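A quick write-up on the structure given underneath.
The values are calculated or read from the model by the stated rules, or taken from the named source; none is laboratory data. What you see is a predicted model; the values in this text were computed from it and never measured. Please note: Cβ atoms are built from the backbone with ideal geometry, for glycine as well, and neighbour counts cover all protein chains shown. Just so you know, the surface numbers come from the protein's heavy atoms only, side chains and all, with ligands and any DNA or RNA stripped out. Shrake-Rupley method; radii C 1.70, N 1.55, O 1.52, S 1.80 Å.
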Amino acid sequence: ETPRGAYELLRTAPAQWALWHVYFGDERCTPVDDALRNSRMAASALLEHVAIPEAQVHVIPAELGPDEAARRYAGVLEPIGEFDLVLLGLGEDGHTGSLFAGHDLGCGPGAPGVLAVFDAPKPPPDRVTLSAPRFSRTAEAVFMVAGAAKRDAVQQWRAGAAIPARAIAPKSGVDVF
């Protein structure tokens, strides 16, 4: 929910929407119309209100389950080099996307760029997420963080703790708002 306000403001921005491509960093494995899905929130807050061609909105097919959705989305991302912008949030526990502490962040040699997640500590347990290195392949990474409940995670991050958000490390660094 953190980016909803930014998405709603962006609707009125003068932009060349026809040039935009939108990719999702993670998704919950729920039905397509489930209100918990990131793609559903992005659609209602922004995408249904701007002229981005439908073929340029690349939704993770998470309704197919983690393995199949990760496999298919990896194919979508395969020809894509560096993103222009990656917009991320931060969870109370330091997670970002669906990269959770104690879980695979996809940082090992030969790790896939899109990961199936089966036991997320937040419901629902089945998800799909980009790996930390794939999130990091961007010209700019922005974290939007809101709420007092996230204060501890921000303090841990600043102190150098190995929270999942720290694994997002593009060459240009990250901006945190």
Mean ellipticity per residue at 222 nm, deg cm²/dmol - from DSSP H runs of n ≥ 4 across the chain, formula -39500 (n - 2.57)
-6000 deg cm²/dmol
Using a 1.4 angstrom probe on the protein heavy atoms only, line up Tyr7, Tyr73 by accessible area, largest first.
Tyr7, Tyr73
FRET efficiency, 1/(1 + (r/R0)^6) with R0 22 Å, evaluated for Ala148 and Leu87 via beta carbons:
0.55
Considering only protein heavy atoms and a probe of 1.4 Å, how much of the accessible area of region 40-177 is carbon and sulfur, as a whole percent?
53
Using a 1.4 angstrom probe, figure out how much accessible area the chain has per residue, in square angstrom, rounded to the nearest whole.
53
Semi-axes (Å, rounded, descending) of the ellipsoid equivalent to the chain per its C-alpha gyration tensor are 23, 20, 17
Can you sort Arg151, Arg37 by 1.4 Å-probe accessible area, starting with the largest?
Arg151, Arg37
Pick from Ala55, Ala45, Ala70: which is most flexible by mean-square fluctuation in a GNM of the chain where alpha carbon atoms under 10 Å apart are linked?
Ala55
Toy charge model, Lys and Arg Cβ at +1, Asp and Glu Cβ at -1: region 1-65 dipole around Cα centroid in debye, rounded to 20, equals 160
So what does Asp126 come to for accessible area, using a 1.4 Å probe and Å² rounded to 10?
60
Gyration tensor on Cα atoms of region 30-103, a ≥ b ≥ c root eigenvalues, a/c under 1.5 rounded, else prolate if a/b beats b/c, else oblate, says rounded
Per the C-alpha gyration tensor (a ≥ b ≥ c, the square roots of its eigenvalues), region 103-177 is rounded if a/c is under 1.5, else prolate if a/b beats b/c, else oblate; here it's oblate
7 Å from Cα along Cα→Cβ at both Ala55 and Thr12: what's the point-to-point distance in nm?
3.3
